[in-house]
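The values are calculated or read from the model by the stated rules, or taken from the named source; none is laboratory data. Note that the structure is predicted; figures quoted are calculated from it, not measured. Don't worry about glycine lacking a Cβ; one is built from the backbone with ideal geometry, like all the others, and counts go over all protein chains shown.
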Amino acid sequence: LNLEEYLKRAIEEKRFELWYQPIVNAANGRIEEFEALMRLRDEGGDLISPERFIPLLEESGWIMLIEPWLLRAAASAASLLSRRVPGGCCVAVNICGQQLLDNGFIERILRILEETACEPGWISLEVTERQFLENPERVIQVLQALRELGIRVAVDDFGTGYSSLAYVKRLPVEHLKIDREFIRELPHSEPDKAIVRSVGRMCDGLGMRVIAEGVETKEQMQWLYNHRVFLYQGYLFARPAPLESWLSEEALAM
Ligand code: G
Ligand code: G
Ligand code: MN
Ligand code: NA
């Protein structure tokens, strides 16, 4: 059975899972956000790498078939988690260009928010730089509309795509997620330190907040903290896990 066939069946049988990984705010020690990450198991029950199946879902357009389930699951989780996490939180969903540029996207989100009793401010959408290339004017327009509705937007994987500062300066986004490629060798790599420092200063100036991805060690966190990056996502805090594992008080007290 090839992966394509397997994916088709998984879509029909609704076998995808949505796992959640916290993003922690060092300034107050709280979980500020959870990123929703799709997971799929093979026939033996082992996880298939998302790096294999997500590109296929996006290239084939099948991501559009999963979207209703995905958004509903994420919004239900946000509805639940934001009431449980002390101080509230939101759930971040990865969105590809095809979804963002689809005409009905905003209406679909709004309907799902209503059905799941989820406030717009409890959802954040993560978009990559790649999406801006396709149709920057339209992307900016959609993101602006989402912002006006109170839905947050984040730039994902910053620094790895075809980043154009010309777009970044025009983006109506709250968060910028600096890719883990720039975090991995902190605090030992001079080039990475220079880049992370500048991205931090740039975000200060643009009124965006930086999230450091892939924080795995205390040393990395300490360096980031000293350089005024306070939002972290990474194995140092927690790995992605099913929603059930985030529903206890102990899990939420990081
Ligand atoms: O989940 P990691 O756990 O391996 O995810 C690998 C990649 O897959 C990341 O780049 C992540 O953004 C992407 N990804 C995970 N879940 C989703 C999803 O629901 N939709 C889209 N478009 N990408 C996702
Ligand atoms: O591209 P995106 O940022 O959406 O992908 C998030 C991906 O990063 C997921 O695959 C998630 O499992 C992975 N991830 C999260 N934290 C860490 C970490 O500390 N180290 C590594 N290597 N990967 C991480
Ligand atoms: Mn992401
Ligand atoms: Na990323």
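If you filter the stretch 30-40 down to residues that are within 16 Å of ligand 2 (Cβ to nearest atom) and touching a residue at least 60 places away in the same chain (Cβ under 8 Å), you find that the one that is nearest to CYS96 (Cα to Cα) is LEU37.
Taking the stretch 176-205 as the range and being farther than 13 Å from GLN220 by Cβ and touching a helix residue (DSSP H, G or I) at 6+ places or on another chain (Cβ under 7 Å) as the test, the residues that pass are LEU176, ILE195.
Do we have GLU126 as within 13 Å of ligand 1 (Cβ to nearest atom) and within 30 Å of ALA194 (Cβ to Cβ) here? Against the criterion (within 13 Å of ligand 1 (Cβ to nearest atom) and within 30 Å of ALA194 (Cβ to Cβ)), GLU126 qualifies. Do we find a residue being within 16 Å of ligand 4 (Cβ to nearest atom) and small (Gly, Ala, Ser) anywhere in the stretch 76-93? There is at least one residue in the stretch 76-93 that is within 16 Å of ligand 4 (Cβ to nearest atom) and small (Gly, Ala, Ser). From LEU143, LEU165, LEU171, which residue is more than 16 Å from ligand 2 (Cβ to nearest atom), out of contact with any strand residue (DSSP E or B) (no Cβ under 9 Å at 6 or more places or on another chain) and hydrophobic (A, V, I, L, M, F, W, C)? Within the list LEU143, LEU165, LEU171, the selection yields LEU165.
For first residues located in the stretch 232-254 and at negative phi, partners that are at pLDDT 95 or above and loosely packed, with under 12 Cβ neighbours inside 10 Å and lie 6+ apart or on another chain with Cβ distances below 8 Å form the pairs LEU236/LYS218.
Among the residues that make up the stretch 169-181, is at least one of them within 19 Å of the chain's Cα centre (by Cα), at pLDDT 95 or above and over 21 Å from CYS96 (Cα atoms)? No: zero hits.
The rows are residues; the columns are (1) buried (at least 20 other Cβ atoms within 10 Å of the Cβ); (2) acidic (Asp, Glu).
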site: ASP46; (1), (2): no, yes
site: GLU51; (1), (2): no, yes
site: ILE54; (1), (2): no, no
site: ALA73; (1), (2): yes, no
site: GLN99; (1), (2): yes, no
site: LEU125; (1), (2): yes, no
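Screening the stretch 90-205 for strands (runs of 3 or more DSSP E) wholly inside it with 3 or more residues that are of a type outside the set (Val, Ile, Thr) and in contact with a Ser or Thr (Cβ under 6 Å, 6 or more places away or on another chain) returns the ranges 152-158. The residue that is farthest from ligand 4 (Cβ to nearest atom), among those in the stretch 209-221 that are part of a loop (DSSP other than H, G, I, E, B) and surrounded by fewer than 21 Cβ atoms within 10 Å (Cβ to Cβ), is THR217.
Contact map, the stretch 7-29: residues that are at negative phi paired with residues that are among the charged types (D, E, K, R) and part of a strand (DSSP E or B), Cβ distance under 6 Å, separation 6+ or inter-chain. Pairs shown: GLU17/ARG39; TRP19/ARG39; GLN21/GLU35; ILE23/GLU32; ILE23/GLU33; ASN25/GLU32. Mind checking whether some residue in the stretch 127-141 is more than 30 Å from MET254 (Cβ to Cβ) and either under 16 Å from the mean Cα position of the chain (by Cα) or modelled with pLDDT of 95 or more (or both)? Yes; the residues of the stretch 127-141 include at least one that is more than 30 Å from MET254 (Cβ to Cβ) and either under 16 Å from the mean Cα position of the chain (by Cα) or modelled with pLDDT of 95 or more (or both). Does ALA77 satisfy being within 16 Å of ligand 3 (Cβ to nearest atom), in a helix (DSSP H, G or I), modelled with pLDDT of 95 or more and touching a helix residue (DSSP H, G or I) at 6+ places or on another chain (Cβ under 7 Å)? It is true that ALA77 is within 16 Å of ligand 3 (Cβ to nearest atom), in a helix (DSSP H, G or I), modelled with pLDDT of 95 or more and touching a helix residue (DSSP H, G or I) at 6+ places or on another chain (Cβ under 7 Å).
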